[in-house]
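Engineer: Quick one: the structure is below, and I'll ask about it shortly.
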Amino acid sequence: SSSSQASSNGFLQCLSDSRIPVLTQNSCSFKRQLEAYIRNPKFMANTNVKPLYIVMPTNTSHVQGTVRCGRQCNMSIRVRSGGHDYEGLSYRSVHAKDFVVLDLSQLHKVSVDSHTSTAWVESGATLGELYYKVWKASDVLGFPAGLCPTVGVGGHFSGGGFGMLMRKYGLAIDNVIDVELVDAKGRLLNKTSMGSDVFWAIRGGGGESFGIVLKWQVKLVPVPRTVTVFNVSVSTRQGAVDVVTKWQQVAPTLRDDLFIRVLVQNQRADFQSLFLGTCDVLLPVMSDHFPELKFNRSDCKEMTWIQSVPYIYLGNNSTVEDLLNRTSSAFAHNNGFKAKSDFVRQAIPRDVWASIFTKLAQPEAHYGLMILDPYGGKISAVPESATPFPHRAGVLYNIQYINYWNMASGNGTVQTKWIRDMYTFMAPYVSSNPREAYFNYRDLDLGDSFEVWGPKYFKRNYPRLVMAKGMIDYDDYFHNEQSIPSPKHGY
Ligand code: FDA
């Protein structure tokens, strides 16, 4: 329309007056830049609404200026850090709407202070860069966040952030001590100037809703010089159904420096683990608590914590330097995917596990995968209202369902249907009223009605998120399909 034409001309003029570089759809690098951080290739198809512009700030004032121009000229913003959003909301809009992508990938500095065991990390850094820089500064410090090294700090921290250290040290957001945020007026705020409700909200209340977090100050955590990694695979013939059933009781009650997750796929359960100590210490713990796994010394791989990060996620041929590689792993590169999440508060009976394995064996399951991440320890000890992330005490484990497909050979209809059917099947065995879901495994199947997805992602914390939204962005400038609504809409 002519009014949207006028606002986009005005927006470009405003950026140019503020000397902020911008890529338009005609720029030759527009497509490359847009696609560089699309981590779910199903959203590369041109049926999805694309941004009109991409701004790639190289300093704070570019971010502030883009927000001011956007506000003035009625151009909305999608902020993107690492681009891993499961529904692509950092670079696409489901409903036709003019918008600019503010791509933070060039703001990726990490400054570590090993004396105080703290670091400032910019949102455009990847988790791999954060881990690597921390290790360069001190080989006995680490940080508890996600497994995939290309995940962006900005989105990941906004929604919680969990990984192999969460039983010992909690989520990424449990270890954030300060931030710098650009609000909808273009102001630069920190923990004190934004006020305690907003500082609470941005640590787990989800990206996009409250403003643009430029950087985060985090408390680093001690890691020992030697950790032990193992991956023990049990097939259904070898008794996977029984071992997984037992795992549900064992894994959440083990000492908190031992994390054993399960990948259930095909007719196998892979028990993938990180222990913050040596094999000698681990062996008796395993035989006392989990003899069913038949764990022995040859399963142990001792290494440093930083080596364990690429080893676990990228495989045994990877190196520590691979953590700096920003191009995505093969998985996200060629495969479109659909994911969903659940939280389990009561162990699932053995016969149900038998049915789950049967469902995973059906041809229409394709690459259907379930990842079980155990709770207990620190993640469960933090009170539900301490951060917006409410899935705490009482949870035994998280389930992530994933199905994926090669983009060259299909559009994922069958795989997406399979995962939705599986989710329906699982309803009686997982949390209910609300059926909880992890914000960082964003799922638009939960709908765009806040009354529905709000309690699922945030349980009883969602009214306080609305209040915080009203304090920092009453006009609802920062908005997407699942952003926290402003009280101005009557919430
Ligand atoms: P992206 O840039 O797409 O942002 C996600 C959302 O946050 C968007 O709404 C965006 O607008 C907003 N946002 C981004 N930067 C912001 C900023 N600076 N300020 C405000 N809002 C901002 N999770 C987990 O907990 N543990 C794990 O191990 C993994 N592993 C994993 C592997 C793979 C392959 C994928 C694709 C995803 C994961 N995740 C995960 C999920 C991941 O935590 C989640 O997708 C994060 O939101 C990704 O953050 P990015 O910055 O990469 O995404």
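Engineer: Under unit Cβ charges (Lys, Arg +1; Asp, Glu -1), what dipole magnitude, rounded to 20 debye, does the chain have relative to its Cα centre?
Structural biologist: Approximately 260 debye in magnitude.
Engineer: Suppose R0 equals 35 Å. What FRET efficiency, 1/(1 + (r/R0)^6) with r the Cβ-Cβ distance, do residue 253 and residue 177 give to the nearest 0.05?
Structural biologist: 0.70
Engineer: With θ set to phi - 60° and the Karplus curve 6.51 cos²θ - 1.76 cosθ + 1.60, what are the ³J(HN,Hα) couplings of region 18-26 in order, to the nearest whole Hz, using x for Gly and Pro?
Structural biologist: Calculated HN-Hα couplings, in order: 8, 6, 9, x, 9, 9, 9, 4, 7 Hz.
Engineer: Hey, rough spin-label estimate for residue 136 and residue 321, points 7 angstrom out along Cα→Cβ, what's it come to in nanometres?
Structural biologist: In this crude label model, residue 136 to residue 321 measures out at 1.3 nm.
Engineer: Here is a follow-up. Calculate one ³J(HN,Hα) per residue across region 379-393 by plugging θ = phi - 60° into the Karplus curve 6.51 cos²θ - 1.76 cosθ + 1.60, and present them in order as whole Hz with x for glycine and proline.
Structural biologist: Computed from phi, the couplings for region 379-393 are 4, 8, 7, 6, x, 4, 9, 5, 9, x, 5, x, 8, 10, 3 Hz.
Engineer: Let me ask another. Output the peptides 410-418, 459-467 sorted from most to least packed, where packing is the average of other Cβ atoms within 10 Å over each peptide's residues.
Structural biologist: Those peptides, ordered most packed to least, come out 459-467, 410-418.
Engineer: Same structure, new question: Taking θ = phi - 60°, what integer Hz values does the Karplus form 6.51 cos²θ - 1.76 cosθ + 1.60 yield along region 188-196, in sequence order, with x for Gly and Pro?
Structural biologist: Values, residue by residue: 9, 10, 10, 3, 6, 6, 7, x, 5 Hz.
Engineer: Now for a separate question. Counting only residues 5 or more places away or on other chains, whose amide H sits under 5 Å from the amide H of residue 178 once H atoms are built in the peptide plane?
Structural biologist: For residue 178, whose amide H was placed from the backbone, the distant partners under 5 Å are 217.
Engineer: Among 76, 5, 407, whose Cα sits farthest toward the positive end of the charge dipole of the chain (+1 at Cβ of Lys/Arg, -1 at Cβ of Asp/Glu, about the Cα centre)?
Structural biologist: 5
Engineer: Turning to a different aspect of this structure: Residues in region 106-141, backbone N under 14 Å from the label point at residue 29 (7 Å along the Cα-to-beta-carbon vector): list them, ranges by number please.
Structural biologist: Hits in region 106-141 for residue 29 at 14 Å: 106-107.
Engineer: In the chain, what cysteines have no partner Cβ closer than 4.7 Å?
Structural biologist: For the chain, the answer is 28, 73, 148, because their Cβ atoms have no other cysteine Cβ under 4.7 Å.
Engineer: With every protein chain left in place, what is the accessible area per residue of region 227-305 in square angstrom, probe 1.4 Å?
Structural biologist: Value for region 227-305: 42 Å² per residue.
Engineer: Suppose all protein chains stay in the model; what accessible area per residue would a 1.4 Å probe give for region 8-123, in Å²?
Structural biologist: 44
Engineer: Given a cut-off of under 8 Å on Cα pairs at least six residues apart, what relative contact order in percent is computed for the chain?
Structural biologist: 16
Engineer: Could I ask something else about it? What's the center-to-center distance, using Cα atoms, between region 92-119 and region 38-82 in Å?
Structural biologist: Taking the Cα centre of region 38-82 as reference, the centre of region 92-119 is 12 Å away.
Engineer: What's the magnitude of the charge dipole for region 227-444 around its Cα centre, counting Lys and Arg as +1 and Asp and Glu as -1 at the beta-carbon? Answer in Debye, nearest 20.
Structural biologist: The dipole of region 227-444 has a size of about 460 debye.
Engineer: Report residue 323's accessible area, 1.4 Å probe, all protein chains in place, as a number in Å² to the nearest 10.
Structural biologist: 0
Engineer: Ignoring ligands, DNA and RNA, what percent of the 1.4 Å accessible area of region 2-103 is carbon and sulfur?
Structural biologist: Reported share for carbon and sulfur atoms: 48 percent.
Engineer: For region 205-295, run through the chymotrypsin sites (Phe, Trp or Tyr not before Pro) and keep only the ones in DSSP coil with at most 15 other Cβ atoms within 10 Å of their Cβ.
Structural biologist: Qualifying residues, ordered by number: none.
Engineer: Can you tell me the order of 89-100, 304-315 when each peptide is scored by its average per-residue count of other Cβ atoms within 10 angstrom, highest first?
Structural biologist: The peptides rank, most packed first, as 304-315, 89-100.
Engineer: Taking H placed 1.01 Å from N in the peptide plane, check which residues at least 5 places from residue 86 or on another chain put their amide H under 5 Å from its amide H.
Structural biologist: Here the answer is 442, since their amide H atoms fall under 5 Å of that of residue 86.
Engineer: Greater than 26 Å separation of Cα atoms is the criterion. Which listed pairs, 50/359; 378/456; 340/378; 133/459, meet it?
Structural biologist: 50/359; 133/459
Engineer: Hey, what did region 276-350 get for relative contact order, percent, Cα under 8 Å, at least 6 apart?
Structural biologist: Here the relative contact order equals 17 percent.
Engineer: Can you give me the relative contact order of region 2-103 as a percent, contacts being Cα pairs under 8 Å and 6 or more apart?
Structural biologist: Across region 2-103, relative contact order equals 35 percent.
Engineer: Under the 0.36 nm per residue contour assumption, what length would be gained going from the current alpha-carbon distance of residue 385 and residue 474 to full extension?
Structural biologist: So the chain would gain 29.8 nm between residue 385 and residue 474.
Engineer: Pull out a ≥ b ≥ c, the square roots of the eigenvalues of the alpha-carbon gyration tensor of region 227-444, then state rounded if a/c is under 1.5, prolate if not and a/b is larger than b/c, and oblate in the remaining case.
Structural biologist: Rounded, because the longest to shortest axis ratio a/c is under 1.5.
Engineer: Leaving ligands, DNA and RNA out of it, report the carbon-plus-sulfur percent of the accessible area of region 294-423 at a 1.4 Å probe.
Structural biologist: Reported share for carbon and sulfur atoms: 53 percent.
Engineer: Right, something else. Per residue, how many Å² of accessible area does region 403-452 show with a 1.4 Å probe?
Structural biologist: Per-residue accessible area for region 403-452 comes out at 47 Å².
The values are calculated or read from the model by the stated rules, or taken from the named source; none is laboratory data. Predicted, not measured: the structure shown is a model, and the values here were computed from it. For neighbour counting, all protein chains shown are included, and Cβ atoms are generated from backbone atoms with ideal geometry for every residue, glycine included. Heads up: the accessible areas ignore ligands, DNA and RNA and are worked out on the full protein's heavy atoms, side chains in. Shrake-Rupley method; radii C 1.70, N 1.55, O 1.52, S 1.80 Å.
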